[in-house]
Structure formats: structure tokens, C-alpha cells
Amino acid sequence: MSRSDSSGPKKSGSKKFEPRTFDTDTSGRDLPRPDASGPNLLGPDTTGTAISDAGPLCPDASGADIFPAGNSPHATGGAHAGCRGDSCCCGEEAGSSRHAVTPEQWAAVDAVIARHRHVPGSLITVLREAQEVVGYFPTPLLDRIAEGMNIPGSDVFGVVSFYSLFSLEPRGRHSIKACTGTACYVKGIREVISRIAGEYGIREGQTTQDGRFDLEGVRCLGACGLAPVMVVGGDTHGAVSADTVLELLKKYA
């Protein structure tokens, strides 16, 4: 005879969903609290800005959602509560709105979407034209395109992050593309990149704070005979070196 449980039959049921709030540790990482108690604030102090669960969200460097798109306090010269010093958790510069999408740009993007909304397979075209308008893909722009084209946001992000044609970071007035192929590598292109990075305070994939340059290492520029090769804007420069590259870049204001 089987043994019965004296406590009676167990009842099955779904677990009630509880909203989760976030806090930050001293390194600025977003940490979910185990319950919904306490103020819904971002940051270790009481001056934080309330997190909203409405609308598309702006992610910080770790991918955690923080602010509704278009609601960044940088637009008014402020800073996120999780910001430290002159930099921001969402990649914007504190007290600066140079990355904001203007009303005119939104109108142009909406026109692009309207032209292609019902054209099958037109996402790449929409992304290319939208980047020509804005220059890169901030999170609100990805959300706008996904909604307008009736495509999952994850699909739009997947395409943008896969193709090197598209950028998730603001581009500079002059894009520096340094070839890291075999011929250029053995002739010192890494030293060239390091000299540029040290002089302008950027790493590959970043843009200078004044918007002058962005730096990118690419696999091949198809000019191995000129190695090491670097392209600035539409200009190709061969036989560049760590000793001459800074002088070369001075003519690009």
C-alpha cells in the first residue's frame, strides 16, 4: 500500500508576477532587487530618476534597460542617476545632446519607412537610408524602424549588428579605417592604430568627443601593395607609419 502525504494533496497554480525594481552597486551595474519594495530608483542615492516601464528603453553598457527612448535627461543637460563623472551609462556625454535625433531627422526617417513599409525584403534599404539621415542607430531609431516596418526589434538589431555597413555608435566627420589584414599587420598597422588611439583618446569602434574622427579596424582594403593602408573619409593613404600618421590627420578638421 502506498504511503500517503499527511499534508494533503498539493495544489498547482501559476506564480504571481511581481514587478522588479533595480538598484546599482558601486561599479554602476544594474542589480534587480528580490522584491518590489522601496523606491523605484536607479542609483545608490535618493537623487535617482524613476525607471519607467512604458515605451522602448535605453540600454546601458551592460544591456540593462534604464530609460524610455527619447526621455534621456541629457536632452535638458542633465545626467542619468547611474552616471559617473563625465560619462553616461547609456553612452551619451553628460550635459551634451549631440547624439539626439532631431525632429527633422525623425520626419525624414518616417518618410523612408512610409516609402518601403509594404515592399518585401526592404529592411536593408530602410536601414541604409535611415543611417544616411541620422548617421548611426541609437536605440530609439531601431525601435522606430521595427514598429514602422512591423518587424521584431530583435530582427532589426540582428541585421544592424551583423553588417559592418551599419553602426550602433555615432560616426565622426572623418571615418578612419585601418586595414588589419596580413600584409598591413606585419608592416605595423597595429602601431599606427595605437598611436591614433593614444592621441585622440578612443579605441576601435569609438568616436572622438568632438565628433571629428571615428576609428575602425577592417579586415582588408584591397590595396596590399600599399601596406600598411589607411582610409580617411574617401582618401586612401599608403605606407602610413606610427611616426607620420598624426601629421597626416592634421589636415582633417
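Since every read-out is calculated from the coordinates, none of them should be taken as a lab result. Just so it is clear, the model here is predicted, and its values are computed rather than measured. Here Cβ is always computed from backbone atoms with ideal geometry, including for glycine, and neighbour counts include all displayed protein chains.
Overview of values
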item	result
Fraction in percent of alpha-carbon pairs per bin - 10 Å, region 174-249	22, 60, 18, 1
Assigned charges on the beta-carbon of Lys, Arg, Asp, Glu; region 112-231 dipole about Cα centre (debye)	280
Cα Rg over Rh - region 121-253, Kirkwood	1.04
Cα-projected label distance for residue 175 with residue 124, points at 7 Å along beta-carbon direction, nm	1.6
Förster-model FRET efficiency, 30 Å R0, residue 253 and residue 186, C-beta, rounded to 0.05	0.40
Farthest positive-ward along region 174-249 dipole, Cα basis, beta-carbon charges - from 175, 227, 211	227
Convex hull volume per residue for region 103-162, taking Cα atoms only, in Å³	72
Difference of contour (0.36 nm per residue) and Cα-Cα distance, residue 197 to residue 236	12.1 nm
In region 146-213, trypsin sites (Lys or Arg not before Pro) in a DSSP loop with at most 13 other beta-carbon atoms within 10 Å	203
